[in-house]
Amino acid sequence: MNISVDLIWVGLKWVYLLAFGLYVGFSVVIVSQTQQMTKTLSGGVDKHVILISWLHLILSLLALVWAVVVL
Amino acid sequence: MIAMPEIYNAAKGKGKQPIKRKPSDYSEVIRNFAHAKGLLSAFVVQPTQVRMGIQQSDEKILLLLRRHWITNVKWITIFGLMLIGPVMLSVFVDQMFLPSRFMTATVVLWYLLTFGIALEGFLSWFYNVFIITDERIIDVDFVNLIYKNISAAKIDNIEDVTVQMGGAIRNVLNFGTVLVQTAGEKTQFEFEDVPNPQEVAKFINELMLEEEQEKLEGRAK
């Protein structure tokens, strides 16, 4: 009984890690896209937009690391 | 040796005609909306800080258009609901069978997704622009952050400009779609949900007239 319950949590852990991993991928897409966008149209908020997208990527990477450690 | 008589002497220096007139000289729209300079605005006249990657050295951006701010309500509402979602659902947390570490991970993932949706919504609004320069009209489209499309047509190639405004909200908030038919490779440009669509159409007509005038006066490039 305990073995099967443990298996559920292990399976769930991998589902969560996959979700966090996918989110990191999404964050990478946002970073590259903001660079494309600011090259296409540069204005007064370029630096802020790029900074926010990098912070977003760092945050999602930290969340992934946290999930690997905690889950 | 007899010097050739000077039959015609083109004006040099002082009397020389400028190659281009100032937009405010020929455009009533530019004069009326000269104050519209906000960086986060949907209707920006002669933005000084903005520059396009495909902009030519002597080309000036005269009008930068984005969708009306009301079109952001959808993602802002979703963002707001997602922000308060976990708080509202906390009533049901006791009934869930997840261990606390999984519950925390769910909340972290949820708020990351919330932030991502807000960022994607803002970027899509801010960088999907319609630009009118003194030479061209340009439509910059970024679809779902992975697809980019930039179309441009010369002012000379514009054949027809149509304004579409339907519905109560569009009429009250004065926004709509400007359709520009061109003789170029892309035959139709859609400036969707832009503020002051009638003024935009009027401005394009003013530019077309100025382009004609430039040709007549030999000022065209």
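Since every read-out is calculated from the coordinates, none of them should be taken as a lab result. Source: prediction; values computed, not measured. Cβ atoms come from the backbone with ideal geometry, glycine included; neighbour counts cover every protein chain shown.
Using only atoms on other chains, find how many Cβ atoms lie within 10 Å of each Cβ of peptide A:9-20 and report the average.
Values: counts 4, 0, 0, 4, 3, 0, 1, 6, 1, 0, 5, 4.
If you average over the peptide's residues, the count of other-chain Cβ atoms is 2.
In percent, what relative contact order does chain B have, based on Cα pairs under 8 Å that are 6 or more apart in sequence? Before the final figure, lay out each step's value.
Numbers: 277 pairs, mean separation 41.0, N = 221.
Result for chain B is 19 percent.
Quick one: what do you get for region B:22-94 if you divide its Cα Rg by 2.2 N^0.38 Å? Each step should come with its number before you reach the end.
Values: Rg = 20.4 Å, N = 73, 2.2 N^0.38 = 11.2 Å.
Rounded to two decimals, the normalised Rg is 1.82.
Using Cα-only point scatterers and the Debye equation, what is log10 of I(q)/I(0) for chain B at each q in 0.10, 0.14 Å⁻¹, rounded to two decimals?
One equal scatterer on each Cα of chain B leads to -0.60, -0.92.
Loop by DSSP (not H, G, I, E, B), at most 10 other beta-carbon atoms within 10 Å: where is the longest site-free stretch of chain B for GluC sites (Glu not before Pro)?
Working: sites that count: B:Glu6, B:Glu185, B:Glu217.
Looking at chain B, B:7-184 is the longest stretch - no exposed GluC sites (Glu not before Pro) with at most 10 other Cβ atoms within 10 Å.
How compact is chain A by the rule of thumb for globular proteins, expressed as Cα Rg over 2.2 N^0.38 Å? Mind showing how you got there, number by number?
Values: Rg = 17.3 Å, N = 71, 2.2 N^0.38 = 11.1 Å.
Dividing the Cα Rg of chain A by 2.2 N^0.38 Å gives 1.56.
Tell me, what are the semi-axes, in whole angstrom and largest first, of the equivalent ellipsoid of region B:95-194 as set by the roots of 5 times the Cα gyration tensor eigenvalues?
On the way: eigenvalues 353, 61, 18 Å².
Calculated on Cα positions only, the semi-axes equal 42, 17, 10 Å.
For region B:46-163, what is one quarter of the convex hull surface built on the Cα atoms, given in nm²?
Numbers: hull surface 43.1 nm².
Hull-based average projected area comes out at 10.8 nm².
Taking Cα atoms, how many degrees apart are the long axis of helix A:46-70 and the longest axis of chain A, rounded to 10 and kept between 0 and 90?
That works out to roughly 10 degrees.
Principal axes first, then extents: for the Cα atoms of the protein assembly as shown, list largest minus smallest coordinate on each axis, whole Å, largest first.
Cα spread of the protein assembly as shown along its principal axes, largest to smallest: 116, 54, 34 Å.
Greater than 20 Å separation of Cα atoms is the criterion. Which listed pairs, B:Lys60/B:Lys202; B:Lys37/B:Lys60; B:Lys148/B:Lys186; B:Lys22/B:Lys60; A:Lys39/B:Lys148; B:Lys20/B:Lys186, meet it?
B:Lys20/B:Lys186
When the Cα centres of region B:173-187 and region B:34-61 are compared, how far apart do they sit, in Å?
19 Å
Taking the 0 to 90 degree range and rounding to the nearest ten, how far is the long axis of helix B:100-127 tilted relative to the main principal axis of chain B, both from C-alpha atoms?
That works out to roughly 20 degrees.
Which whole-Hz ³J(HN,Hα) couplings does region B:53-69 yield from phi under the Karplus relation 6.51 cos²θ - 1.76 cosθ + 1.60, θ = phi - 60°, glycine and proline marked x?
x, 9, 6, 7, 4, 9, 8, 10, 6, 9, 9, 10, 10, 10, 5, 4, 4
With angles folded into 0 to 90 degrees, how steeply does helix B:73-89 sit against the dominant principal axis of chain B? Use alpha carbons for both and round to 10.
So the inclination is approximately 20 degrees.
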